[in-house]
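Engineer: Shown below is the structure under consideration.
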Amino acid sequence: MLFFGAMEAGTLHCPSCGAVISSDSTQCEYCSAQLQTVACASCFGLLFVGSKFCPHCGAAVAAVESGPVAPHPCPRCPGNQLQLVTVGGVQLEECLHCGGLWVGTDVFNKICADRQMQESAEHMQLPPAIPQEHKLMYLKCPQCASLMNRYNFANRSGVVIDKCAPHGIWLDRDDLRRIIEFIRSGGLAAAREVEIEQLHRERAQLEADHEEACASLYSNADPYVSGQILSGIASIGLSLLR
C-alpha cells in the first residue's frame, strides 16, 4: 500500500453496515466485514476499502476491487495462482504472495497515459513484503510459458520489467508505483525527446551517406553509366527518407 505521509488512527464508518469503527481495525465488530484502509487520492486521509466517498473531503473513491483467482500461475512464485484485481475499470492479475502484477500490454499503456488510472493503481492494497533473492533470471510468461524479455522501462527509468510481446508485462512488487512516479516526474516525456533526437541524427547520417555514395559513384564511373546509377540511387534514397 502506498501512503503519502504520516496518518494518525481515527474513527471511520464501516462501508458494509455504517457502524463507527477505529481506522486501525481489520474487522468490523458489528457485521464482521474484513476491513482495509487506504489513502484518499485527494486529501490523503484514511478511509476503508469499499467506501464510495472519502469521509474527510467527500471525493469519490477510485475503484480497486478484488476478484476470483485468475487461471494463470505467478511467474515469480512457483505454485501460486494470480488473482484478478479491477483497478480503475480495468483488470490486472496480482500474486497475493509476492505482490507482483501481470498486466496486458494495452492496459499497461492506458495506465501510463491516464492520470486517474495511475491514482487508482497507486492505492492498491499490496500483500506484506516477503524476503526474496534478487538475482538476474528470465521469467516465463504466465499465458504461453515462453521466456520473457527484460528491459528498462523507457530505457532510462531504472525499472526493469519483463515483457511477452503477444501477451503482456510482468511487474514485480512496487514496480508500478515506481513507473508512475517516473512518468509524473517528466521522465517519460524526456525519454521521448531523446528518441526523437536520435531519429533526427540517424536521418541526417543516412542523408550524408547517400550523398557520399552518389558522389563516389559519379566520380569513378563512366559519365553515362554513373548518371544512370546516380538517378536510380537518388530515387531509392528519396523514397526511404520520406
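Computed from the coordinates by the stated procedures, all read-outs in this text should not be read as laboratory data. All of these numbers come straight from a predicted model, not from anything done at the bench. Because the Cβ atoms are built from the backbone with ideal geometry, glycine has one as well, and the counts that use them run over all protein chains shown.
Engineer: Can you tell me the length gained on complete extension of the stretch Asn149 to Ser216, counting 0.36 nm per residue apart and subtracting the Cα distance? All intermediate terms of the calculation are to be shown ahead of the outcome.
Structural biologist: On the way: separation 67, 0.36 × 67 = 24.12 nm, distance 4.25 nm.
Taking 0.36 nm per residue and subtracting the Cα distance, the gain is 19.9 nm.
Engineer: Using Cα pairs under 8 angstrom and six or more residues apart, how large is the relative contact order of segment 74-122, in percent?
Structural biologist: Working: 53 pairs, mean separation 13.7, N = 49.
Worked out over segment 74-122, it gives 28 percent.
Engineer: Which ordering of Leu12, Leu199, Leu84 is given by a fewest-first count of other beta-carbon atoms within 10 Å? Working shown, then result.
Structural biologist: Working: Leu12 22, Leu199 10, Leu84 17.
Arranged by neighbour count, lowest to highest, Leu12, Leu199, Leu84 become Leu199, Leu84, Leu12.
Engineer: Also, quick follow-up: At 7 Å along Cα-to-Cβ for each site, give me the label-to-label distance between Arg156 and Cys31 in nm.
Structural biologist: Distance between the two pseudo-spin positions: 5.0 nm.
Engineer: So if R0 is 51 Å, what FRET efficiency would His56 and Asp209 give, r being the distance between their Cβ atoms, rounded to the nearest 0.05?
Structural biologist: Numbers: r = 63 Å, r/R0 = 1.24.
Calculated transfer efficiency: 0.20.
Engineer: Okay, next question. Would you calculate the separation in nanometres between label points at Asn80 and Asp174, each defined as 7 Å from the Cα along the Cα-to-beta-carbon direction?
Structural biologist: Distance between label points: 1.5 nm.
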